[in-house]
Amino acid sequence: MNDQPRPRHPAFWLVLLAAAGTFALMLGTRQSAGLFVSPINTATGLGVASVSLAFAFGQLWWGITQPFAGAVADKIGTARVIAIGAMLVALGGFITPYMTTTAGLVFAIGVLTAGGAGMAGPAVLLAATTRLIDPKRAGLASGIVNAGGSFGQFLIAPIAAALMVGVGWGSAMQILGLIVLLCIPAAFVLRGSSAGTSAPKAGRPLGTKAAIAQALRDPSYLLLTAGFFVCGFHVAFLATHLPGVVAQCGLPPQWAGWSLALLGLFNIVGSVAMGWAVGRWRMKSLLSLVYATRGMAVLLFLLAPKDGTVVLLFAAVMGVTFLSTVPPTAGLVAKFFGTANMATLFGIVMLSHQLGGFLGAWLGGVVFEATGSYDLVWYLDILLAAGAALVHLPIREAPPALARTAAA
């Protein structure tokens, strides 16, 4: 008979509200960043490529932050990590309008804002959610949390556009930074660490270094990480340069805000649907389907006439696939290794995602400045999507050697 008290966790809906709300504020602010590329370029005169470099470095730093933030959250708890991250985002948003050099923009946007957002990113939030809820509902929960980020984009992108018109881009960025502080109370709900959680099989969970070493030797984990690189390239390119693509189509600026909003709105549909689907079909097959759909949608967009209807329809299709890769990717990491080191191991996968994000955001600016068009990046995106669709097929959906080592 087990006399030890069972740990008490917050209600299922409260955990989802806290995690999804935090992700909404963080991702909504980040995914609205593309609206600021042109006004920052106008204000500083640095050039689109230099401004894109700051946002691209932010993509990279957001990814670098997450494995370390995940490791810290696994040890000392989620609440402190999220609170510090929110304060860094607010500070970065406040000082960005005063930056007039590339180095200054890299520091404010690429280090402070992106690093703070990484501390409250998917690695930390999904690990906390998985730890606090019934494992049988983890797939649906991850889809709902992911949808929260999409709802944030749908809500914040139009607000950011309206603020830019009403108070100017600098004040708009500062206001968005202050709004992010609202996620600090939610951190209290997600408090706690992974200490005492179980490995995939019975036995003592591996330490962080041992878990990373085992994971990096597993072919399925490496293939999953490689595929997520492509997701990062695609997502960062769209988030940073979709307003530029809309402008190149000859449409008024408000169409850029609507496009970003639709991207977020339909990502809610894609994320929730994917969260439901991961409990019914093989996750690697779902990932292959998403990447193949992206590549086909981009190809059709390049061939279609570039009017307002086509742009909004393209944004909607991209929204369905935008972050729907996150639930099955996180689900596979949890299936491979359990929850004991999930924040750290999923953080490494997110780092690969953001390496791709760096290239997507940076190459978009470089190619446009050199050619006056984004077409070369679109063609590269199609090739990468096809490769990602194929690379997931050999993945084995079973706990690998790490589970056996932990049990031993």
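Would you be able to tell me the number of residues in the range 290-337 that are over 17 Å from L393 (Cβ atoms) and of a type in the set (V, I, T)?
9
With respect to I133, is the statement that it is among the aliphatic types (A, V, I, L, M), in contact with a helix residue (DSSP H, G or I) (Cβ under 7 Å, 6 or more places away or on another chain) and on the phi < 0 side of the Ramachandran plot true?
Considered against the rule, which asks whether it is among the aliphatic types (A, V, I, L, M), in contact with a helix residue (DSSP H, G or I) (Cβ under 7 Å, 6 or more places away or on another chain) and on the phi < 0 side of the Ramachandran plot, I133 comes out as yes.
Give me the residue from the range 321-352 that is of a type in the set (S, T, N, Q) and under 21 Å from W281 (Cβ atoms) and, out of that set, surrounded by the most Cβ atoms within 10 Å (Cβ to Cβ).
Ranking the candidates gives S324 first.
Going through the range 285-301 one residue at a time, which ones are within 14 Å of V326 (Cα to Cα) and either touching a helix residue (DSSP H, G or I) at 6+ places or on another chain (Cβ under 7 Å) or not in a helix (DSSP H, G or I) (or both)?
L286, L287, S288, V290, Y291
All but one of (1) outside any helix (DSSP H, G or I); (2) within 19 Å of the chain's Cα centre (by Cα); (3) not aliphatic (A, V, I, L, M) hold for G116; which doesn't?
Of the numbered conditions (1) outside any helix (DSSP H, G or I); (2) within 19 Å of the chain's Cα centre (by Cα); (3) not aliphatic (A, V, I, L, M), the odd one out for G116 is (1).
Can you tell me which condition G21 does not meet? The list is (1) within 19 Å of the chain's Cα centre (by Cα); (2) crowded, with 24+ Cβ neighbours inside 10 Å; (3) farther than 18 Å from A343 by Cα, and all the others hold.
Single failed check for G21: (2).
For K136, indicate whether it is surrounded by fewer than 24 Cβ atoms within 10 Å (Cβ to Cβ), at pLDDT below 85 and under 24 Å from L216 (Cα atoms).
Spelling it out, it is not the case that K136 is surrounded by fewer than 24 Cβ atoms within 10 Å (Cβ to Cβ), at pLDDT below 85 and under 24 Å from L216 (Cα atoms).
What number of residues within the range 100-133 satisfy the criterion of being surrounded by fewer than 22 Cβ atoms within 10 Å (Cβ to Cβ) and touching a residue at least 24 places away in the same chain (Cβ under 8 Å)? Quick ask: steps written out before the conclusion?
Start the filter on the range 100-133 by keeping residues that are surrounded by fewer than 22 Cβ atoms within 10 Å (Cβ to Cβ), which leaves 100-104, 106-107, 111, 133.
Filter again for touching a residue at least 24 places away in the same chain (Cβ under 8 Å), leaving 100-102, 106, 111, 133.
The qualifying residues number 6.
Within the range 183-225, count every residue that is modelled with pLDDT of 80 or more and assigned to a loop (DSSP other than H, G, I, E, B).
Total meeting the criteria: 2.
Right, T44: in contact (Cβ under 8 Å) with a residue 40 or more places away in the chain, farther than 28 Å from V326 by Cα and buried (at least 22 other Cβ atoms within 10 Å of the Cβ) or not?
Judged against the criteria, T44 is not a match.
Would you confirm whether or not the range 341-364 contains a residue that is among the β-branched types (V, I, T) and either closer than 18 Å to S50 by Cβ or in a loop (DSSP other than H, G, I, E, B) (or both)?
Within the range 341-364, not a single residue is among the β-branched types (V, I, T) and either closer than 18 Å to S50 by Cβ or in a loop (DSSP other than H, G, I, E, B) (or both).
In a helix (DSSP H, G or I) and either among the polar types (S, T, N, Q) or surrounded by 22 or more Cβ atoms within 10 Å (Cβ to Cβ) (or both) - does that describe any residue in the range 302-309?
Looking for residues that are in a helix (DSSP H, G or I) and either among the polar types (S, T, N, Q) or surrounded by 22 or more Cβ atoms within 10 Å (Cβ to Cβ) (or both), one finds at least one in the range 302-309, hence yes.
Looking only at the range 366-381, decide whether some residue is under 20 Å from the mean Cα position of the chain (by Cα), within 19 Å of L303 (Cα to Cα), modelled with pLDDT of 90 or more and in a helix (DSSP H, G or I).
Yes: one or more hits.
Run T309 past the list (1) out of contact with any His (no Cβ under 9 Å at 6 or more places or on another chain); (2) among the polar types (S, T, N, Q); (3) within 24 Å of G152 (Cβ to Cβ) and report the number of the one that doesn't hold.
Going through (1) out of contact with any His (no Cβ under 9 Å at 6 or more places or on another chain); (2) among the polar types (S, T, N, Q); (3) within 24 Å of G152 (Cβ to Cβ) one by one, T309 breaks only (3).
The values are calculated or read from the model by the stated rules, or taken from the named source; none is laboratory data. Since this is a predicted model, take the numbers as computed values, not measurements. All Cβ positions, glycine included, derive from the backbone under ideal geometry; neighbour counts span all protein chains shown.
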